[in-house]
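Asker: I have a structure here, written as structure tokens, and I will follow up with some questions on it.
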Amino acid sequence: MSGAHKVPLADLASRLATPWNVFVCCASFEGRCLTVAQNLNPSQVAAVLVVQNGSISSLIGTNAAHLQKMFGDRCVQADAHPSNPVATEDNLAQGLKSVIPEDAEWSLLLDITTFTREALLVLLNQLRRLGSRGCRLTLAYTGASRYGTDESDSEKVWLTRGVKEVRSVLGYPGGLLPSRKTHLIVLVGFETERVSSLISSYEPAIISLGYGPKESSITDEHHKLNLMFHQQAVSLYDGVNRFEFAPNSPAETKNSIIAQAAKFPNTNVVVAPLNTKLSTVGAAFAAFADQRLHLCYAEAAIYNFSHYSSIGDSCYLLQVDRHLMMSEPK
Amino acid sequence: MNNPFSVRTPEEITATDAHTLFVDNLSDFPKLLDPGHMFIHGPRGSGKSMMFRYMKPDCQVLYRASALKELAFFGVYCPIRNTNLSLTELLRLKTHYADVVLNEHFMVAYFMERVSDALRGTDFAEADLSATKLFLENCFAKRLRRCGWRGELPIADCGTVQQCFSRMFEVCEDLYAEVMGFIRHLSTGHIPDYKGPLCGYLDFLHPVIKELKSLPFLPAGPVFLMIDDADNLNLSQTLVLNSWVATRTSSDVSLKISTQLGYKTYRTISGQYIDRTHDYTEVYIDALYTTNKSKYRDRVREVIQKRLALVGISATPEEFFPEDEAQEAAIKKREEDLIARHAAEGRGNRPGDDALRYARPEYIASLKGPSKSGASYSYAGFSQLVHLSSALIRYFLEPAALMFSRQKGDSGAVPVQFIKPHIQDEVVRKESDNLLFEEMDKLASEKDQENEYYIKVRKLSNLIHNLGGVFHLKLISSQSERRVFSIALSDPPDTEIGAVLALGVQQGYLQKASLGNKDGTGRTHRYILTRRLAPSFLLDPSGFSGYMFVTNKYLHDAMDDPKTLRRIKGKGVDLSFADEQPELDLDSAL
């Protein structure tokens, strides 16, 4: 599979100017949730599924209404509740059922930008189950120019605070056995507090912290922060390993995770994607390829709603090869 | 040089290392080693898992220098983590008629797998092969078949007890894997028919363990199932476990259940509550060490000494974590002044009381307040670090690990022999700031009102800021009791206050204790601010039990209005709070 193509926003409309059977996006408090939608020609989209977090309707209402207005009667809504993964699964399944056509071949554009990682993983798993029905899946991801825009000191940037619960992602239970040691693989992003919660929760014997290479970091400060966190983790815990992955390439992320897991065979492998949404997709692909992988999610208590991010100047587009959505026999 | 303070999962520690590192505090909890069901409550980091590790047979054999069969019990460690028993798919069963039965079978499969894994990993001297085979055929396999198992247990060719238990383990692991395979299919919402065996506690787990422990090479006492972090069980599993507690089979199977103060319920499947007197005992680790600080300090001292020795450092804990000499000299001088002035101006009964009470607060008051400019108070020194850890060993070890790493970085090739005071101080200050949600102040109060959890967190943050600020004002005041670190409730807390305080306890910002109420007519709750926050509010972390009584109104004001502290500052803490001098708890002063 080719990697994700980085498209300047100015060129996005022309790149998306093709008929789509289905467009799926997530209404959010972030302005980035509108970027892809605004670059679509509504007349070329047959059906739209707008996913939203009903528990923060006051924060996302404006953007959700905007999306509804853009696509009118073609728009179906589905509620993804951050604290109720079963409801999220059922609502997304119902939503997909109502928009996916009966055709043998159909196209779906999925704007992954502002989904929670858990909802995105659940959605991908549902699409995987539908894969035999001939879906041509294209992913879109609008980058951010900055995160935590209320803080100029990169050490104080925050996106979320507190962890309400650490849980397995529905549909990715893995093949865990009690007698095996636990190998926790984390794709580290900004949120080191969530990483600490995961380590406390799983108490792994082996920890593998994955980082994007310096050249793919959002800023040099961010890379420096990652190094500081890694040093702290090495100070605190025995058995900490480091590996690199490509935050903007799901396929390479998949391969990196599988390779890292293979270094410690006969362990319960727990994967926590906490970096970009594209790398989260890579974690899903890894789990599809190896169903022994257990994916987990740390539900945040509080989001930096007002200053989460600012919109970048480009969007990544990726047409997904079907084999990545299939489960490989083991 | 390895970091002597790095966190190691107790399960990964060898018996020899555990025996070397472990500071025996089991005697602090006498009933823990006795037959009987027991709940052990304590926040993460209070040492529960390490105690369980030490209760496993390999450690007990070393500790007691005895043969396995002479031990009082056979301990099987059963951690409840997200990697076992706790899968999101199980939520699908919540409204299913077979929810309880399936969850019980899942639990039995897990515990039996743990038991068999422990058996196959134990070195049994003088083991009886024929007795083992009889047990496996006539009890284990027979009962499993009665539960619907259709497999085989091939032990005829086994030449050792170890091989027999390995075959038993393989069966148990397959049983567990079969359940996991069923659970995997629950994610979509369609619940397939379950056609596998169904094992329960009374028809399988208990009778098998009862028969197992009668094998001549095993201890005659009960099997302890040491269930760690039982908060992670879902509600159905918790009801099931409580039903096991209620069966009073502890002479054969004693359930030692640890929680992190978040255990979901004490009800059984039938809706009855398990009875604290008849069914189980319980202990709160942090409460014990909060009220008996000298015992805690001794334990920490032993732990640190052992860890230093393990990496070849001969310094004592006090030498390894030295105080800021200039600061302590200045405080010592104040102590001498207070002693000299006691006859004329003293408040306490003895000169030494005043010195102990006022020297450090007066020193802090003489600094330029909590702003970052000017001289600042140093939290370096073993004694202060012990206080700051708030009776939880983890909160000593984690900062110590970070300090060691920094010192090692500074020292280069020179082996670390002590941690410089400024490094100690900087690390604990950063930890304190990380704990405190500074950013909460920036969040607009009108945002996200539907999120109940967010509202509670915001109220808790306001309360913590208020308490920290007020405690600092008291510290630098001229009141007779300045070292206040806790509040006691004048009224029973209303629902909202109760919820916020409970969240504070659960998140580690507050610890809960009890004391006599103001009217002398009963007892009330005391909430102690974690000393880990002392650096953020410029508080003296050392241990008097000073507290102030507060009303529900005060707490609501503190939770709802961040400006409350400003009003107290304006009015003066002397006018805001009575200068109460509760009886000194000198045992808690270190």
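Asker: Looking at (1) closer than 20 Å to A:TYR172 by Cα; (2) within 14 Å of another protein chain (Cβ to nearest Cβ), which is the one condition that is false for B:VAL171?
Answerer: It fails just one condition, (1).
Asker: Among the residues that make up region A:244-256, is at least one of them away from chain B (no Cβ under 14 Å) and over 29 Å from A:TYR141 (Cα atoms)? Working first, answer last.
Answerer: First, the residues of region A:244-256 that are away from chain B (no Cβ under 14 Å): A:244-256.
From what is left, the residues that are over 29 Å from A:TYR141 (Cα atoms) are none.
No, region A:244-256 contains no residue that is away from chain B (no Cβ under 14 Å) and over 29 Å from A:TYR141 (Cα atoms).
Asker: Given the criteria crowded, with 20+ Cβ neighbours inside 10 Å, at pLDDT below 95 and within 14 Å of another protein chain (Cβ to nearest Cβ), does A:LEU127 qualify?
Answerer: Values: crowded, with 20+ Cβ neighbours inside 10 Å: yes; at pLDDT below 95: yes; within 14 Å of another protein chain (Cβ to nearest Cβ): yes.
So A:LEU127 fits the description; yes.
Asker: Considering region A:56-89 alone, what residues qualify as being within 14 Å of another protein chain (Cβ to nearest Cβ), open to solvent by 60 Å² or more (accessible area, probe 1.4 Å) and of a type outside the set (Gly, Ala, Ser)?
Answerer: The answer is A:THR62, A:HIS81, A:ASN84.
Asker: Could you check how many residues of region A:93-117 are open to solvent by 10 Å² or more (accessible area, probe 1.4 Å) and either within 14 Å of chain B (Cβ to nearest Cβ) or within 10 Å of the chain's Cα centre (by Cα) (or both)?
Answerer: Of the residues in region A:93-117, 6 are open to solvent by 10 Å² or more (accessible area, probe 1.4 Å) and either within 14 Å of chain B (Cβ to nearest Cβ) or within 10 Å of the chain's Cα centre (by Cα) (or both).
Asker: Would you check which residues across region B:115-142 are of a type in the set (Ser, Thr, Tyr), surrounded by 14 or more Cβ atoms within 10 Å (Cβ to Cβ) and away from every other protein chain (no Cβ under 11 Å) and list them?
Answerer: Initial filter on region B:115-142 (of a type in the set (Ser, Thr, Tyr)): B:116, B:122, B:130, B:132.
Adding the requirement that they be surrounded by 14 or more Cβ atoms within 10 Å (Cβ to Cβ) leaves B:116, B:122, B:132.
Residues satisfying the conditions are B:THR122, B:THR132.
Asker: Follow-up question, since we're still on this one. Would you please name the residue that is most open to solvent (accessible area, probe 1.4 Å), looking only at residues in region B:37-56 that are among the basic types (Lys, Arg) and within 13 Å of B:SER258 (Cα to Cα)?
Answerer: So, considering only residues that are among the basic types (Lys, Arg) and within 13 Å of B:SER258 (Cα to Cα), the one most open to solvent (accessible area, probe 1.4 Å) is B:ARG44.
Asker: Right, here's the next one. Within region B:17-35, does at least one residue satisfy the condition of being in a loop (DSSP other than H, G, I, E, B), open to solvent by 20 Å² or more (accessible area, probe 1.4 Å), within 14 Å of chain A (Cβ to nearest Cβ) and in contact with a strand residue (DSSP E or B) (Cβ under 9 Å, 6 or more places away or on another chain)?
Answerer: no
Asker: Let me ask something else. Kindly list the number of the only condition in (1) within 29 Å of A:GLU165 (Cβ to Cβ); (2) within 19 Å of the chain's Cα centre (by Cα); (3) not polar (S, T, N, Q) that fails for A:ALA246.
Answerer: For A:ALA246, the exception is condition (1).
Condition check ((1) under 23 Å from B:MET168 (Cβ atoms); (2) open to solvent by 20 Å² or more (accessible area, probe 1.4 Å); (3) modelled with pLDDT of 95 or more; (4) more than 11 Å from every other protein chain (Cβ to nearest Cβ)) across all residues:
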site	(1), (2), (3), (4)
B:ASP58	yes, yes, no, yes
B:TYR63	no, yes, no, yes
B:ALA67	yes, yes, no, yes
B:SER86	no, yes, no, no
B:LEU90	no, no, no, no
B:HIS96	no, yes, no, yes
B:ASN103	no, no, yes, yes
B:MET107	yes, no, yes, yes
B:GLU113	yes, no, yes, no
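Asker: Quickly run through region B:248-260 and pick out the residues that are surrounded by 17 or more Cβ atoms within 10 Å (Cβ to Cβ) and not small (Gly, Ala, Ser).
Answerer: Here is the first cut: in region B:248-260, the residues surrounded by 17 or more Cβ atoms within 10 Å (Cβ to Cβ) are B:249-250, B:252-260.
Residues satisfying the conditions are B:THR249, B:ASP252, B:VAL253, B:LEU255, B:LYS256, B:ILE257, B:THR259, B:GLN260.
Residues are listed down the side, and each one gets a yes or a no for (1) assigned to a strand (DSSP E or B); (2) open to solvent by 40 Å² or more (accessible area, probe 1.4 Å):
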position	(1), (2)
B:ALA220	no, yes
B:SER236	no, no
B:ASP275	no, yes
B:VAL283	yes, no
B:VAL303	no, no
B:ALA309	no, yes
B:SER314	no, yes
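Asker: Of all residues in region A:294-320, which are within 12 Å of chain B (Cβ to nearest Cβ) and at pLDDT 80 or above?
Answerer: A:HIS294, A:LEU295, A:CYS296, A:TYR297, A:ALA298, A:GLU299, A:ALA300
Asker: Of all residues in region B:144-164, which are open to solvent by 80 Å² or more (accessible area, probe 1.4 Å) and in a loop (DSSP other than H, G, I, E, B)? So that I can check it myself, show each step before the final result.
Answerer: Quick first cut of region B:144-164, residues open to solvent by 80 Å² or more (accessible area, probe 1.4 Å) only: B:145-146, B:150, B:152, B:156-157, B:163.
Answer for region B:144-164, where residues must be open to solvent by 80 Å² or more (accessible area, probe 1.4 Å) and in a loop (DSSP other than H, G, I, E, B): B:ARG150, B:GLU152, B:ALA156, B:ASP157.
Asker: Tell me, please, whether a residue that is surrounded by fewer than 18 Cβ atoms within 10 Å (Cβ to Cβ), in contact (Cβ under 8 Å) with a residue 60 or more places away in the chain and within 14 Å of another protein chain (Cβ to nearest Cβ) can be found in region A:266-287. Give the steps one after another, and end with the answer.
Answerer: If we filter region A:266-287 for residues that are surrounded by fewer than 18 Cβ atoms within 10 Å (Cβ to Cβ), which is where we start, we get A:266.
Applying the additional criterion that residues be in contact (Cβ under 8 Å) with a residue 60 or more places away in the chain yields A:266.
Subsequent filtering for residues that are within 14 Å of another protein chain (Cβ to nearest Cβ) retains A:266.
For region A:266-287, residues surrounded by fewer than 18 Cβ atoms within 10 Å (Cβ to Cβ), in contact (Cβ under 8 Å) with a residue 60 or more places away in the chain and within 14 Å of another protein chain (Cβ to nearest Cβ): present.
Asker: Restricting the search to region B:186-195, which residues are touching a residue at least 60 places away in the same chain (Cβ under 8 Å) and farther than 9 Å from B:ARG92 by Cβ?
Answerer: So the first thing to find is which residues in region B:186-195 are touching a residue at least 60 places away in the same chain (Cβ under 8 Å), and the list is B:186-187, B:189, B:191, B:194.
Correct list: B:TYR194 only.
Asker: Filter region A:210-250 down to the residues that are open to solvent by 30 Å² or more (accessible area, probe 1.4 Å) and polar (S, T, N, Q), then identify the one that is modelled with the lowest pLDDT.
Answerer: The extreme case among them is A:THR219.
Asker: Would you mind stating whether B:ALA330 is open to solvent by less than 50 Å² (accessible area, probe 1.4 Å) and either under 22 Å from B:LYS295 (Cβ atoms) or acidic (Asp, Glu) (or both)?
Answerer: Spelling it out, it is not the case that B:ALA330 is open to solvent by less than 50 Å² (accessible area, probe 1.4 Å) and either under 22 Å from B:LYS295 (Cβ atoms) or acidic (Asp, Glu) (or both).
The values are calculated or read from the model by the stated rules, or taken from the named source; none is laboratory data. These figures come from a predicted structure and were not determined experimentally. Counting neighbours? That spans all protein chains shown, and the Cβs are built from the backbone with ideal geometry, glycine included. With ligands, DNA and RNA removed, areas are computed over all heavy atoms of the protein, side chains included. Shrake-Rupley method; radii C 1.70, N 1.55, O 1.52, S 1.80 Å.
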